[in-house]
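The values are calculated or read from the model by the stated rules, or taken from the named source; none is laboratory data. In this text the structure is predicted, and so the values were computed from the model without any measurement. Here the Cβ is made from the backbone with ideal geometry for all residues, glycine too, and neighbour counts use every protein chain on show.
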There are 2 protein chains.
Amino acid sequence: MNKLVAYQHIVEEGLSHIPLSGKPTELYEPIRYMLALGGKRMRPALTLFGCDLFDGDITKALHAALGLELFHNFTLVHDDIMDKAPLRRNKPTVHHKWDHNIAILSGDAMFVKAYQQICKVDISVLTPVLQIFNDTALFVCEGQQLDMNYEKVQKIRIAEYLHMIELKTAVLLAGSLKIGAVIGGAKPEDAASIYEFGKNIGIAFQLQDDILDVYGEAGKFGKQTGGDIISNKKTFLLLKAMEVAERMPYKREELLQWINAPHFDPRDKVEAVTEIYNFLNIRSLAREEMEKHYQKGLKFLEEIPVSQDKKAALKHMADSLMVREA
Amino acid sequence: MNKLVAYQHIVEEGLSHIPLSGKPTELYEPIRYMLALGGKRMRPALTLFGCDLFDGDITKALHAALGLELFHNFTLVHDDIMDKAPLRRNKPTVHHKWDHNIAILSGDAMFVKAYQQICKVDISVLTPVLQIFNDTALFVCEGQQLDMNYEKVQKIRIAEYLHMIELKTAVLLAGSLKIGAVIGGAKPEDAASIYEFGKNIGIAFQLQDDILDVYGEAGKFGKQTGGDIISNKKTFLLLKAMEVAERMPYKREELLQWINAPHFDPRDKVEAVTEIYNFLNIRSLAREEMEKHYQKGLKFLEEIPVSQDKKAALKHMADSLMVREA
């Protein structure tokens, strides 16, 4: 059994022991429901990896790890309201299964439960751990707000998009690792390096998600291929295509027609936009960008003066999360 | 200048120095807007009172006090969404001035800003302060959920109502005091007593609010007299009236007719229901209940072995908040 699987088991076990049977049930049942939807438990696993990397005792990082998973699920509950998402992991989202108010409030309660776990770390590292957690939580809010802002804007620069996904997605992976590292006894400069590793790997993950939406195997990732194309989601691929097509007015016009089409057959749109992407070589450009961040992240990992074995385990985990493309 | 006014000044000054100029502005502007709406700053003032009661240095309690005010304002933003309230302090609520999503997310961000302030307390008391804060925050969520549940239920017992207002309103006053007391160096048993003082005084405040809605001077409290009657809000007065009227089928029927009336002149309804309350002696019964909790609270304060001067200052503050009735 590799480390990731072992850590996932430890996290599941830990989650099952968090007291969530309080009253009123309308407040706590959605929290149990969200946690039961499952997931890769990537963030808490990263906290354990971060601790282990510095030869820390991972049992001392478990509560913080659980706090990060609770926080992540809290953001999903509120994001799903904001994004009007009916489904998550093929199950009804909290605001659909219950209602908006319950989703807002049980999300808030889950956020407090996250802090309760974080607060269980040893007093010797409580202040730095809370500081990383608070900063990260605020960045995630900023990222979600930028994401909502960008939905209403016609033109977004690639740099703005990368900054948004850094805040919305990547910093939580970075913060999860760094919190584990601090608990594991990492020096400040090494904790900073592991943060940069996580941040860059996180950006690479999101770019991979953007690529997989168009080029992934349908069904394998729990969503329809081309969902982002159908909804005109401003992914790296679309933004890059608009950028490259600026020099090709005819292709640009074709892309804009599909984006602005009030009525269309979804399959036609996915096929046509994918062909435009292919013509503009967008898949390669996206992979290049992804690879750039991935390699940049690995460099930060290499800088950290710990055993090659430990680094290899963490790199293996990152690799296993990066090879989902069809 | 009495202590309350002095503390309010200190709190206002402290609030003005919290960094809230981050980006995106959609996230931070609603936080500044909420704080600028003002208010009595009762919770942070109580934190300073709690600290001073035990001869603590109130400058050491200021950050926690600000955290409690931020937390309170976060709950208002989310509660206003849930209650579909268009106005607060005669100004548009955040979700009306901006939109629902911004209100959810800027509320979340304000919650993090609250924790950032709380986390600034001295490391020697960080763990107990966070524990009180986390517990209190969860109680407040539970209280809000109960309040929403009770809206949909025909019959609520007085004891259930009192439990709900204890969670939704009173424990935050209690927790604010206790956090100040812990920072001020209170012994655990004295911190527990000040909590009970705050909790009972808080219940009395809420009962007073219920009374003032019907018997207060219109306009003086920023809301129309009888608003609770118009909206059939299940206040202590209505629940008590239903209870007393159980022995008087004729009055009960009259009350139910107004409650269930699909169309009515608001002034007629307020006048008629107030007359029923008068007939059933509800104002006195509510005052009795309020006085009971107020006196119970004072007893807990008296038990605390600190100077009579300090107790008098805190009692004076509580009194000044209790004499708003017309």
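Has segment B:218-231 got any residue that is surrounded by 13 or more Cβ atoms within 10 Å (Cβ to Cβ), within 16 Å of B:TYR161 (Cα to Cα) and at pLDDT below 95? Yes, because at least one residue in segment B:218-231 is surrounded by 13 or more Cβ atoms within 10 Å (Cβ to Cβ), within 16 Å of B:TYR161 (Cα to Cα) and at pLDDT below 95. Going by what's in this entry, would A:PHE139 be described as more than 8 Å from every other protein chain (Cβ to nearest Cβ), at pLDDT 95 or above and within 30 Å of A:LYS234 (Cα to Cα)? Criteria met by A:PHE139. For B:MET322, the conditions (1) buried (at least 18 other Cβ atoms within 10 Å of the Cβ); (2) modelled with pLDDT under 95; (3) hydrophobic (A, V, I, L, M, F, W, C) all hold with the exception of (1). Scanning segment A:293-326 for residues that are closer than 18 Å to A:GLU166 by Cβ and either outside any helix (DSSP H, G or I) or touching a residue at least 40 places away in the same chain (Cβ under 8 Å) (or both) turns up A:HIS293, A:TYR294, A:LYS296, A:GLY297, A:LEU298, A:PHE300, A:LEU301, A:ALA318, A:LEU321, A:MET322. Only residues that are closer than 19 Å to A:VAL214 by Cβ and among the small types (Gly, Ala, Ser) were counted across segment A:285-318, and they come to 1. Taken across segment B:171-192, residues that are within 19 Å of B:GLN208 (Cβ to Cβ), touching a residue at least 24 places away in the same chain (Cβ under 8 Å), more than 10 Å from every other protein chain (Cβ to nearest Cβ) and surrounded by fewer than 19 Cβ atoms within 10 Å (Cβ to Cβ) do not occur at all. Reported count of residues in segment A:142-155, each being within 13 Å of chain B (Cβ to nearest Cβ) and either in contact with a Lys or Arg (Cβ under 8 Å, 6 or more places away or on another chain) or modelled with pLDDT under 95 (or both), is 9. If A:ASP80 meets every condition in (1) out of contact with any strand residue (DSSP E or B) (no Cβ under 8 Å at 6 or more places or on another chain); (2) more than 8 Å from chain B (Cβ to nearest Cβ); (3) among the charged types (D, E, K, R) apart from one, which number is that one? Result: A:ASP80 passes all but (1).
Being touching a His at 6+ places or on another chain (Cβ under 7 Å), within 14 Å of chain A (Cβ to nearest Cβ), farther than 22 Å from B:VAL171 by Cβ and at pLDDT 95 or above is the requirement here; does B:ALA109 meet it? Criteria not met by B:ALA109. Only one entry in A:ALA64, A:ALA103 is modelled with pLDDT of 95 or more and more than 16 Å from A:ARG43 (Cβ to Cβ), namely A:ALA103. Among residues of segment A:165-197 being among the charged types (D, E, K, R) and part of a helix (DSSP H, G or I), the one that is nearest to A:ALA65 (Cα to Cα) is A:LYS178. Looking only at residues in segment B:255-271 that are in a helix (DSSP H, G or I) and out of contact with any helix residue (DSSP H, G or I) (no Cβ under 6 Å at 6 or more places or on another chain), the one that is surrounded by the most Cβ atoms within 10 Å (Cβ to Cβ) is B:ILE259. Scan segment B:214-233 and tell me whether some residue there is touching a helix residue (DSSP H, G or I) at 6+ places or on another chain (Cβ under 7 Å) and at positive phi. For segment B:214-233, residues touching a helix residue (DSSP H, G or I) at 6+ places or on another chain (Cβ under 7 Å) and at positive phi: present. Residues that are at pLDDT 95 or above, crowded, with 22+ Cβ neighbours inside 10 Å and under 18 Å from the mean Cα position of the chain (by Cα) do occur in segment B:22-34. Under the condition of being under 29 Å from A:ILE179 (Cα atoms) and in contact (Cβ under 8 Å) with a residue 60 or more places away in the chain, the residues counted in segment A:79-99 number 4. Here segment B:63-78 is the region considered, the condition is being out of contact with any Pro (no Cβ under 8 Å at 6 or more places or on another chain), without any contact (Cβ under 8 Å) to a residue 60 or more places away in the chain and closer than 30 Å to B:LYS310 by Cβ, and the residue that is surrounded by the most Cβ atoms within 10 Å (Cβ to Cβ) is B:LEU70.
Filtered by the rule that a residue be under 13 Å from B:ALA65 (Cα atoms) and at the interface with chain A (Cβ under 7 Å from one of its Cβ atoms), segment B:114-136 gives B:TYR115, B:GLN116, B:CYS119, B:LEU130. A residue that is touching a strand residue (DSSP E or B) at 6+ places or on another chain (Cβ under 9 Å) and within 14 Å of another protein chain (Cβ to nearest Cβ) occurs nowhere in segment B:17-29.
Consider segment A:272-290 and keep the residues that are assigned to a helix (DSSP H, G or I) and exposed (fewer than 14 other Cβ atoms within 10 Å of the Cβ). The one that is nearest to the chain's Cα centre (by Cα) is A:GLU288. Determine the pairs where a residue that is hydroxyl-bearing (Ser, Thr, Tyr), located within segment B:119-133, has a partner that is part of a helix (DSSP H, G or I) with Cβ atoms under 8 Å apart, the partner being 6 or more residues away or on another chain. Once the first residue is hydroxyl-bearing (Ser, Thr, Tyr) and sits in segment B:119-133, its partners that are part of a helix (DSSP H, G or I) give B:THR127/A:ILE123; B:THR127/A:LEU126. Taking the numbered list (1) closer than 20 Å to B:GLY39 by Cα; (2) in contact with a helix residue (DSSP H, G or I) (Cβ under 9 Å, 6 or more places away or on another chain); (3) at pLDDT below 95 in turn, B:ARG89 passes all entries but (2). Tell me yes or no: at least one residue of segment B:66-77 is of a type in the set (A, V, I, L, M), under 15 Å from B:LEU177 (Cα atoms) and either within 14 Å of chain A (Cβ to nearest Cβ) or in contact with a helix residue (DSSP H, G or I) (Cβ under 9 Å, 6 or more places away or on another chain) (or both). Yes, there is a match, as at least one residue in segment B:66-77 is of a type in the set (A, V, I, L, M), under 15 Å from B:LEU177 (Cα atoms) and either within 14 Å of chain A (Cβ to nearest Cβ) or in contact with a helix residue (DSSP H, G or I) (Cβ under 9 Å, 6 or more places away or on another chain) (or both).
Here B:PHE205, B:PHE236 are screened, and the one residue that is out of contact with any Gly (no Cβ under 9 Å at 6 or more places or on another chain), within 29 Å of B:VAL125 (Cβ to Cβ) and either at pLDDT 95 or above or not polar (S, T, N, Q) (or both) is B:PHE205.
Among the residues of segment B:89-106, the one identified as among the charged types (D, E, K, R) and either surrounded by 21 or more Cβ atoms within 10 Å (Cβ to Cβ) or within 13 Å of another protein chain (Cβ to nearest Cβ) (or both) is B:ASP99.
The set of residues in segment B:227-239 being within 19 Å of the chain's Cα centre (by Cα) and in a loop (DSSP other than H, G, I, E, B) consists of B:LYS233, B:LYS234, B:THR235.
Just to be sure before I move on: is A:GLY14 touching a residue at least 12 places away in the same chain (Cβ under 8 Å), part of a loop (DSSP other than H, G, I, E, B), of a type outside the set (Lys, Arg) and surrounded by fewer than 24 Cβ atoms within 10 Å (Cβ to Cβ) in the structure I sent? Reasoning before the result, please.
Details: touching a residue at least 12 places away in the same chain (Cβ under 8 Å): yes; part of a loop (DSSP other than H, G, I, E, B): no; of a type outside the set (Lys, Arg): yes; surrounded by fewer than 24 Cβ atoms within 10 Å (Cβ to Cβ): yes.
When the stated conditions are applied, A:GLY14 does not pass them.
Within segment A:185-207, being under 10 Å from A:GLU166 (Cα atoms) and in contact with a Lys or Arg (Cβ under 6 Å, 6 or more places away or on another chain) holds for one residue alone: A:ASN200.
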